[in-house]
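Below is one structure; the comments refer to it alone.
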Amino acid sequence: MVSILFFPVNGSGMGHMNRCLSYARCLRGRAVCSFFSLASAIEYIEGMGFASDYFVSPFWSCNSTYDWNTELAVRFGMMLERTQPEVVVFDGTWPFQGFLAACRAYRRKHQLKLVWSNRGLLKESAKEVPVDESLFNLIIVPGELGTVYGEIALPGGGKKITVPPVALLDDAELFESGEARSGLHLEQKGRYALFSLGPGNLKDVSDVGHQLVRRFQAEGFTVLWARAPIAVQDVQLPSTVTPISVYPLVRYLKAFDVFVGAAGYNSCCEVVQAQIPSLLIPNTLLADDQARRAQIVMEHAPAVVSSCETEDEMDAAVRSLLQMTEGHQPAACNLHMNGSRLAAEAILSLAAC
């Protein structure tokens, strides 16, 4: 059985780790998958049955960039020698020099195929770091909602594939409303709102969160707040708000009448999967174009998009969302969300070459 080593970086959310886990779950039983993670929530990787090792992200390290990459090259090189992979899958915005150095050294004695999983939809103003795509045998571009499969040839004989949205769980793995509420110990006939505004590592979400909480509570909702596993510090919540920490959160989304959250890749895919009425608040501090992604969600699920920067904007957004919930009937997702399976097949085919 082939060995595949996944390397998710630590971003502002859980997207990199989620994508690697989604690929690994599709490869279970056909490959030995292990992880070298910069995301600190490795207990979730291990909870899904995969061996993992943690290395501190450069965002949280006190080392200089040079020193951090030097240490990364040593640590990842040791991981390569221990796991002896045929394929390494890196998921991140740009490959670190220490990562590439370790792979070059390992390749001097071993056959090794490199895969880069790199989500797109960056803002036009986003600074792009040039990367030599010929270094990789396969580049996977996890697509946005509505994306179909496509591939192009790369210099050096590799290929780049674009796949439909990459979701951690299949539709059939999501709990229906009653089962989800039982799993979270919620009343079956309650009215519930789930807030998932992100870890707050790059943007303080407490003020807008508190103001929106008050508005939903005034409409009779019980509010639950999803704690992000990689948050540096917890948002201080009112005593009337219940924090929850479950993974993967998407399994329980149908327990809620409404969702309030940022427009990250995972969240947008998941609210479309669950077809839950949603208020999406794009985070403008990130490189990815969350505003554009949120607009795409509106084409495929009941959703309101607002920056919620003023009280008038908040009032209008909540009012529009509540109108959507009136008479809302759960519907099945009609989009292809099988990007992880297609990507996994491409990874496995590469390992067999």
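The values are calculated or read from the model by the stated rules, or taken from the named source; none is laboratory data. In this text the structure is predicted, and so the values were computed from the model without any measurement. Note that each Cβ is placed from the backbone with ideal geometry, even for glycine, and that neighbours are counted across all protein chains shown. Ligands, DNA and RNA are excluded from the accessible area calculation, which covers all protein heavy atoms including side chains. Shrake-Rupley method; radii C 1.70, N 1.55, O 1.52, S 1.80 Å.
Table for the structure above
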{"item": "Rounded if a/c under 1.5, otherwise prolate or oblate - the stretch 246-353, Cα gyration tensor axes", "result": "prolate"}
{"item": "With at most 12 other Cβ atoms within 10 Å, longest stretch of the chain clear of loop trypsin sites (Lys or Arg not before Pro) (DSSP)", "result": "190-353"}
{"item": "The stretch 38-108: Rg to Rh, with Rh as the Kirkwood radius over Cα pairs", "result": "0.96"}
{"item": "Computed [θ] at 222 nm, helices only, for the chain once each DSSP H run of length n ≥ 4 contributes -39500 (n - 2.57)", "result": "-10000 deg cm²/dmol"}
{"item": "Cα extents of the stretch 132-256 along the three principal axes, largest first (Å)", "result": "59, 34, 21"}
{"item": "Longest site-free stretch - the chain; sites: chymotrypsin sites (Phe, Trp or Tyr not before Pro), DSSP loop, at most 16 other Cβ within 10 Å", "result": "150-353"}
{"item": "Potential lengthening between residue 60 and residue 172 on full extension [0.36 nm per residue; Cα-Cα distance subtracted]", "result": "36.6 nm"}
{"item": "Exposure rule at most 15 other beta-carbon atoms within 10 Å, DSSP loop GluC sites (Glu not before Pro): the chain longest free segment", "result": "1-123"}
{"item": "The stretch 75-158 - percent relative contact order, Cα under 8 Å, separation 6 or more", "result": "28"}
{"item": "Percent accessible area from carbon and sulfur atoms, the stretch 91-171, protein chains only, probe 1.4 Å", "result": "51"}
{"item": "Å² of accessible area per residue within the stretch 232-353, as computed with a 1.4 Å probe and no ligands counted", "result": "45"}
{"item": "The stretch 1-73 - percent relative contact order, Cα under 8 Å, separation 6 or more", "result": "29"}
{"item": "The stretch 54-196: mean projected area of Cα convex hull, nm²", "result": "13.3"}
{"item": "√(5λ) per eigenvalue of the Cα gyration tensor, the chain, largest first, Å", "result": "36, 21, 19"}
{"item": "Distance between the stretch 276-291 and the stretch 312-342 - C-alpha centres, whole angstrom", "result": "14"}
{"item": "DSSP bridge pairs, the chain: antiparallel proportion in percent, nearest 5", "result": "10"}
{"item": "Accessible surface, the stretch 57-181, averaged per residue in Å² (probe 1.4 Å)", "result": "52"}
{"item": "0 to 90° range, to nearest 10: angle between helix 97-107 axis and the chain longest Cα axis", "result": "40"}
